[in-house]
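Written below as structure tokens is the structure these notes are about.
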Amino acid sequence: MQTALSGHSRIAGLEVYLPPARLGTSAVERRIGESSPGFRVPKGLISRVTGIHSRSVMADSEQASDLAANAAAKLLAECGLQAPDIDLLIFASASQDMVEPATGHMAAAKLGLCCPVMDVKNACNSFLNGLEVGDALIATGRYARVLVVTGESPSRAIRWRVPDFATFASSFPGYTMSDGGAAVLLEPAGAEAMESDGLEAGSAGILGMGFTARSSHWSVGTLAAGGSAYPRDPEATYFTMDGEKLKDAFLDLGCGVLDETLDRLELQWTDFAVVCVHQVSGPYREVFAERAGVPPELLVPSVEDFGNLASVSLPLQLKLAVDSGRCGPGDLVALVGLAGGVSLGMAVVRL
């Protein structure tokens, strides 16, 4: 278990891009039925189980890097920055354009950047880990401006033709997924805000992070194609997951790292303006919040209207909270990520 002392960078900008095409849950059920002779999804089942009404779907001509670049281009324009102003781009996503090269190169090329790039991948916690890496590199003085971007394209891995209910159940995660992109600009918090034990009270910045994992549970949810295990198997190109085993895996993981991070920073959940939690479904969001002790009024519901956006989920919720006036400069926000593998992470940020 790792609980890094942070406080070396601040979030200087945030943007999200969602493709304009929308796909309702009833349309998802119809498409499965039309593609699966002899199998019919019980009407309304997906909506009842997940609470999801709609999701975004990228165009056939778009790639994961396009979604990231679209969000980043909006961010750079809003911040008044040009390509030479960026020192490092981190593409932090569960998705990728291809196995080689790093998708960060495609995103950087589309933005006209000439800086170093890298990919960070940890399922739905990829973006949160990207923040961790960017914050740490700024702390060393290696880079001053780090652009952390993500582009999630899970619509390309949905199984529409299912022969039976067992196959439908194992493919179920795909029917919750949504496409989107996000970008965050990290900059040094400023020497005047730094103290030996981190950021002084009231200073904007990433105050602390905590991460943990139970990697023995990696097999409960996979998208296996493209690696050395299944380089060319078409069946490996679809999401598969055992929902009950995944729930048990997260129960085994526990919430201890969240409590330890809060204790180390001498904070309680009630100190936050909002708590953004990765959302795979509406019901599970409430279950997790209850287990972690997060007051429900601090949550930012998103999965119902936007679907499961994988690593885009947390920046989307923060953007929704900022735009709606639920949080702003000086406020504390928490970003809590859950991911297959399985892992749990948290970032505490003062805006």
Item to check | Scan of segment 264-288 for residues that are part of a loop (DSSP other than H, G, I, E, B) and open to solvent by 20 Å² or more (accessible area, probe 1.4 Å), ordered by number | outcome: L265, E266, L267, Q268, A273, V280
Checklist outcome for this item: Note on segment 195-219: residues modelled with pLDDT of 85 or more and assigned to a strand (DSSP E or B) are G205, I206, L207, G208, M209, G210, F211, T212, A213
Next on the checklist: Based on this model, can you work out whether R22 counts as open to solvent by 50 Å² or more (accessible area, probe 1.4 Å), at pLDDT 95 or above, among the charged types (D, E, K, R) and under 21 Å from the mean Cα position of the chain (by Cα)?
Outcome noted: yes
Checklist entry - Which of (1) in contact (Cβ under 8 Å) with a residue 40 or more places away in the chain; (2) over 30 Å from G51 (Cβ atoms); (3) assigned to a strand (DSSP E or B) is the odd one out, the single condition M118 does not satisfy? => result (1)
Checklist entry - When you go through (1) open to solvent by less than 40 Å² (accessible area, probe 1.4 Å); (2) of a type in the set (D, E, K, R); (3) more than 30 Å from D233 (Cα to Cα) one by one for R142, which number turns out not to apply? => result (1)
Item to check | Residues satisfying the stated conditions in segment 231-263, i.e. open to solvent by 50 Å² or more (accessible area, probe 1.4 Å) and touching a His at 6+ places or on another chain (Cβ under 9 Å) | outcome: K245, D248, D252
Item to check | Residue in segment 96-109 that is open to solvent by less than 40 Å² (accessible area, probe 1.4 Å), closer than 17 Å to V16 by Cβ, touching a residue at least 12 places away in the same chain (Cβ under 8 Å) and among the acidic types (D, E) present | outcome: no
Item to check | Of all residues making up segment 85-115, the number that are part of a helix (DSSP H, G or I) and within 11 Å of the chain's Cα centre (by Cα) | outcome: 0
Checklist entry - Quick one: I11 ticks every box in (1) touching a helix residue (DSSP H, G or I) at 6+ places or on another chain (Cβ under 9 Å); (2) surrounded by fewer than 19 Cβ atoms within 10 Å (Cβ to Cβ); (3) touching a residue at least 24 places away in the same chain (Cβ under 8 Å) bar one, so which box is it? => result (2)
Checklist entry - Of all strands (runs of 3 or more DSSP E) completely enclosed by segment 1-81, which ones contain at least 3 residues that are in contact with a strand residue (DSSP E or B) (Cβ under 6 Å, 6 or more places away or on another chain) and either under 19 Å from V146 (Cα atoms) or of a type in the set (D, E) (or both)? => result 9-17
Item to check | Any hit, segment 182-194, residues being in a strand (DSSP E or B) and at pLDDT below 85 | outcome: yes
Next on the checklist: Looking for something open to solvent by 60 Å² or more (accessible area, probe 1.4 Å) and under 21 Å from L14 (Cβ atoms) - is there at least one such residue anywhere in segment 48-55?
Outcome noted: no
Item to check | Among the candidates S311, S281, S302, residue that is polar (S, T, N, Q) and modelled with pLDDT under 95 | outcome: S281
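The values are calculated or read from the model by the stated rules, or taken from the named source; none is laboratory data. What you are looking at is a predicted structure, and each value in this text was computed from that prediction instead of being measured. Ideal geometry is used to build each Cβ from the backbone, glycine not excepted, and the neighbour counts take in all protein chains shown. Heads up: the accessible areas ignore ligands, DNA and RNA and are worked out on the full protein's heavy atoms, side chains in. Shrake-Rupley method; radii C 1.70, N 1.55, O 1.52, S 1.80 Å.
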